[in-house]
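Below is one structure, written out as structure tokens; the observations come after it.
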Amino acid sequence: MTLNPGDLAPDFSLPDTEGNQISLADLRGVRVVLYFYPRDNTPGCTKEACGFRDIYADFQSRNIAIFGVST
């Protein structure tokens, strides 16, 4: 399956850092930013995550959830 920017993502569920399942279906009505990074605690990945952290309030004010996915 190929997705393009702006396409609706298919439903999926993944565990969060505490082992709780997060399902895209549970977030209907909320815009979601889903970003992928190869490894925790590396300079580039940390910089990317900090970029989202630094503007997190802007995303929240627009009802946008942010999720980072790593192996």
Determine if segment 11-24 includes at least one residue that is of a type in the set (Gly, Ala, Ser), open to solvent by 50 Å² or more (accessible area, probe 1.4 Å) and part of a strand (DSSP E or B).
yes
Apart from one, (1) assigned to a loop (DSSP other than H, G, I, E, B); (2) touching a residue at least 40 places away in the same chain (Cβ under 8 Å) all hold for Gly6; the odd one out is (2)
Return the residue satisfying two criteria in turn: it lies in segment 31-52 and is loosely packed, with under 12 Cβ neighbours inside 10 Å and over 12 Å from the mean Cα position of the chain (by Cα), and of such residues it is modelled with the lowest pLDDT.
Gly44
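The values are calculated or read from the model by the stated rules, or taken from the named source; none is laboratory data. Source: prediction; values computed, not measured. Note: ideal-geometry Cβ built from the backbone for every residue, glycine included; neighbour counts use all protein chains shown. Side chains are part of the model used for accessible areas, which takes the heavy atoms of the whole protein and leaves out ligands, DNA and RNA. Shrake-Rupley method; radii C 1.70, N 1.55, O 1.52, S 1.80 Å.
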